[in-house]
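Trainee: Just dropping this structure here.
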Amino acid sequence: MGFENILVTTSGRVGIVTLNRPKALNALNGALIAELGQALDQFEADAGIGCIVLTGSDRAFAAGADIKEMQAHTFPATYTDDFITSWERLSRCRKPVIAAVAGHALGGGCELAMMCDIILAADNARFGQPEIRLGVMPGAGGSQRLARAIGKAKTMEMCLTGRTLSAEEADRFGLVSRVVPLANLMDESMKLAETIASLSLPAVMMTKESVNRAFETTLSEGIRFERRLFQALFATADQKEGMSAFIDKREPSFENK
Ligand code: CAA
């Protein structure tokens, strides 16, 4: 399928989506979000894909929702069209998604990164929710996911002033899993994605589902949920293979079924 605002490639069992509106610093317009949704649909339907990497350019992961597109929006239209809800396709992705973030990850760009499961940051990455400076506020989950990731005080300061975080701060505050030199960002992200994609897909997907459940429910319900998934994995061929390989002192070869 031909895309105009993203590049879509694969490498082994890893699917890669590169946001590609360089002149607009990957500002997220409706067309780009629709294409991202289509690319995710393709990767989710492809049994040969075990992990997805979402990235941008060295200068910008994404500088936010497209302000030029939004400027004329009205309340009735944003309400009836349910503006922004289609962005949630990324957070409904059942396969793991790694955000490889370099440069600006602002507004909707920061929110898109936070919808992913792991954020790897280049040392030039900057994260922020500057919508308040435009007379609005985060609209794609920023005030909620940021608060869960780094706590109320830091989230309030960022959302109420538009202050951005350096990669080092984002690492220290727990927003990203680690910071790597810009030149190594894609290599490190691909290594991480290849590791995940080499493992049992049902186990990987259930693990993602279980960790995410921690943000949606009580501890006792979350533990019950985790236990049922853990028990279910004993129905998979990959459980037999993984444990047999350990006992036989060899590398496992997962069927991913
Ligand atoms: N929407 C539309 N165009 C954008 C954009 C955006 N979010 N961000 C950057 N661009 C465009 C600029 O208009 C400019 O285009 P022109 O050359 O045609 O003028 C081009 O990208 C390059 O940008 P700058 O010249 O501004 O580059 P810079 O290096 O001086 O500054 C920046 C970079 C600090 C990221 C600055 O562009 C900026 O502040 N961008 C807006 C960031 C922002 O406010 N994001 C939040 C958007 S609202 C939102 O996301 C809502 C939500 O929650 C979903």
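Trainee: Any chance you could give the angle, 0 to 90 degrees and rounded to 10, that helix 185-197 forms with the longest Cα principal axis of the chain?
Mentor: 40 degrees
Trainee: In a solvent-free Debye calculation with one equal scatterer on each Cα, what is log10 I(q)/I(0) for the stretch 200-248 at q = 0.18 Å⁻¹, listed in the order of the q values?
Mentor: Rounded to two decimals, the profile gives -0.58.
Trainee: Using a cut-off of 13 Å between beta-carbons, work out the net charge of the residues near Ala102 (Lys and Arg +1, Asp and Glu -1, Ala102 not included).
Mentor: With Lys, Arg at +1 and Asp, Glu at -1, the net is -2.
Trainee: Moving on to the next point. Add +1 for every Lys or Arg and -1 for every Asp or Glu among the other residues with Cβ under 11 Å from the Cβ of Gly30, and state the total.
Mentor: Charge balance in the 11 Å sphere: -4.
Trainee: Could you pull the Rg and Dmax for the chain, using just the Cα atoms, both in Å?
Mentor: 19.0, 65
Trainee: So what's Rg/Rh here for the stretch 141-257, counting alpha carbon atoms and using the Kirkwood radius for Rh?
Mentor: When Rh is taken as the Kirkwood radius, the ratio is 1.08.
Trainee: So how far, in whole Å, is the C-alpha centre of the stretch 58-117 from the one of the stretch 123-202?
Mentor: Going from one Cα centre to the other spans 13 Å.
Trainee: List the chymotrypsin sites (Phe, Trp or Tyr not before Pro) within the stretch 208-243 that fall in a DSSP loop (any state other than H, G, I, E or B) and whose Cβ has at most 13 other Cβ atoms within 10 Å.
Mentor: Numbers: sites: Phe215, Phe225, Phe230, Phe234; in loops: Phe215.
Taking the stretch 208-243 and a limit of 13 other Cβ atoms within 10 Å, the loop chymotrypsin sites (Phe, Trp or Tyr not before Pro) found are Phe215.
Trainee: Principal axis lengths of the stretch 47-179 from Cα atoms, whole Å, largest first?
Mentor: Principal extents (largest minus smallest coordinate, Cα): 40, 40, 27 Å.
Trainee: Tell me, what ³J(HN,Hα) does each residue in the stretch 135-151 have, in order and in whole Hz, if you take phi through Karplus 6.51 cos²θ - 1.76 cosθ + 1.60 with θ = phi - 60° and put x for Gly and Pro?
Mentor: Rounded to whole hertz, the list is x, 10, 8, x, x, 10, x, x, 5, 8, 6, 5, 4, 5, 7, 10, x.
Trainee: Rounding to the nearest 10 and keeping the result within 0 to 90°, find how far the Cα-based axis of helix 30-45 lies from the longest principal axis of the chain.
Mentor: With both axes taken from Cα atoms, the answer is about 0 degrees.
Trainee: Oh, and also: Note the angle between two axes, namely the Cα long axis of helix 201-213 and the longest principal axis of the Cα atoms of the chain, as a number of degrees from 0 to 90, rounded to the nearest 10.
Mentor: Tilt relative to the chain: about 50 degrees.
Trainee: Mind sorting Lys68, Lys154 by how few other Cβ atoms lie within 10 Å of their own Cβ, fewest first?
Mentor: Working: Lys68 9, Lys154 18.
Starting with the residue having the fewest Cβ neighbours, the order is Lys68, Lys154.
Trainee: Measuring from the lowest to the highest alpha carbon on each principal axis, how far does the stretch 1-125 reach, largest first, in angstroms?
Mentor: Rounded to whole Å, the extents work out to 44, 33, 25 Å.
Trainee: Oh, and also: Please give me, ordered by residue number, the GluC sites (Glu not before Pro) of the stretch 142-251 that lie in loop per DSSP and have at most 11 other Cβ atoms within 10 Å.
Mentor: In loop regions of the stretch 142-251 (DSSP not H, G, I, E or B), the sparsely surrounded GluC sites (Glu not before Pro) are Glu216.
Trainee: Taking the chain as a Gaussian network, Cα atoms linked when under 10 Å apart, which of Leu25, Leu36, Leu182 shows the biggest mean-square fluctuation?
Mentor: So, out of Leu25, Leu36, Leu182, the one fluctuating most is Leu182.
Just so you know, all these numbers are worked out from the coordinates, no wet-lab data involved. Quantities reported herein were computed from a predicted structural model and do not represent experimental measurements. Reconstructed Cβ throughout: ideal geometry from the backbone, glycine too, with neighbour counts over all protein chains shown.
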